[in-house]
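Before any comments, here is the structure.
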Amino acid sequence: MPSPPSLATGASAAHHATAPIAARALWPDLARGATVLLVVAMHLMYLQLVPLLHGTAATTWHKPIVDWTTPLRMPLFFVVSGYLSARMLQRSWRAGISGRIAPRAYLYVVWLAITALTLLGFAVWDGEEYDAWGYFVSELWQPTGVLWYIWALAAFFLLAKATQRLPDWLVVGAAALSAISVELVDVGSWKSIIAGFLPFVVGARAPQAIRTLTERTDWRHGIAVLALAIALVALRRELPLPAISHLVMSAVCVAAVLMLLPRIAHWRALKPVRRVGRNTLAIFALHPLLIIAANRFLRDTPDVLETIAANPWLAFLLPIVELLLVVIVSLGLERGLRRIGLRHVFEMPRFRAQRRRVRGHLAARQSECTNSSSISS
């Protein structure tokens, strides 16, 4: 993705990054919520619908939407993530590690372990063997599963922090060249990670440019750029230099959405999507396991699968209903796990803060005891 307008150079990046960021603006939540829904829809399509219901209305109508949104899905998510990390990048290494890197690394390890144990449980149920430990160890250093984005966010922040003092043109240029190279050379599962650093570092190093798109444009600009984005996506197979065209197409798609989201983010009908954007972890982490469970149910009940395949309306509605159910069940499971005391599968324990609270509680009790002794004497 090419750099957006007003991308600073040299040390001026620090000035842009330290400019105030509207932490409670509605559009970032809406953007992340929309991308999460698109990611879940994509996984439903390629992990379930294509293998089990290929050629039915479930794929005929919905697969083009999934494919058309590919240039937007993760680039938009990482641009917003980088934008919201810009202020933290200006703080100390200690703050960055405790505030961004360590929590994401912790969550990745926790959910990787949960996923490995779940897959092992399914294998044992089926009477099969599964190397859960081998899967866990290999995924620690080379993520290939759907949890890769958590690993990537920790790595992106670490790399952005390490290159903070380098000129913007150099870091963004290197990220762009890397993103182009993975379109030309097969790097396996590293492709998404390498390509994802470019939108993240653009959002982190040019928050002022993001605010220009969200605050200093109007409907006319957004609709015009959206029309260009749709044209590019429609012609994507005919565009020259595919490796470069893909970056340009993603940049235009992201720019169009950034122009339009602030105009609609306050709509009451989109409140559920904003809520999804504030609870991305639970949905990202749980939806693959729910899809696996749904796949097992459909394979074990061929009559149900045949009924859906034979009825165009059922096949058409299945992806929509499943998407809603996956989101609702994921959020419900998160709430339930938190209520029974398992909140630390969704957030890293803050041992230092807990020690401070304990010390404060003990000091308060000691003070009460001292006051009581003084009064009795």
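So how many residues does region 119-163 have that are within 23 Å of the chain's Cα centre (by Cα) and either of a type in the set (Asp, Glu) or closer than 17 Å to residue 292 by Cα (or both)? Result for region 119-163: 7.
Entry remark, region 126-168: residues being farther than 20 Å from residue 113 by Cβ, in contact with a Leu (Cβ under 8 Å, 6 or more places away or on another chain) and part of a helix (DSSP H, G or I) number 4 in total. Exactly one residue out of 174, 204 is part of a helix (DSSP H, G or I) and buried (at least 20 other Cβ atoms within 10 Å of the Cβ): that is 204.
Here residue 290 qualifies as in a helix (DSSP H, G or I), touching a residue at least 40 places away in the same chain (Cβ under 8 Å), open to solvent by 40 Å² or more (accessible area, probe 1.4 Å) and under 29 Å from residue 81 (Cβ atoms).
The values are calculated or read from the model by the stated rules, or taken from the named source; none is laboratory data. Everything quoted here is computed from the prediction, not taken from an experiment. Virtual Cβ from ideal backbone geometry, glycine too; neighbours counted across all protein chains shown. Areas reflect the complete protein model, heavy atoms only, side chains present, ligands, DNA and RNA absent. Shrake-Rupley method; radii C 1.70, N 1.55, O 1.52, S 1.80 Å.
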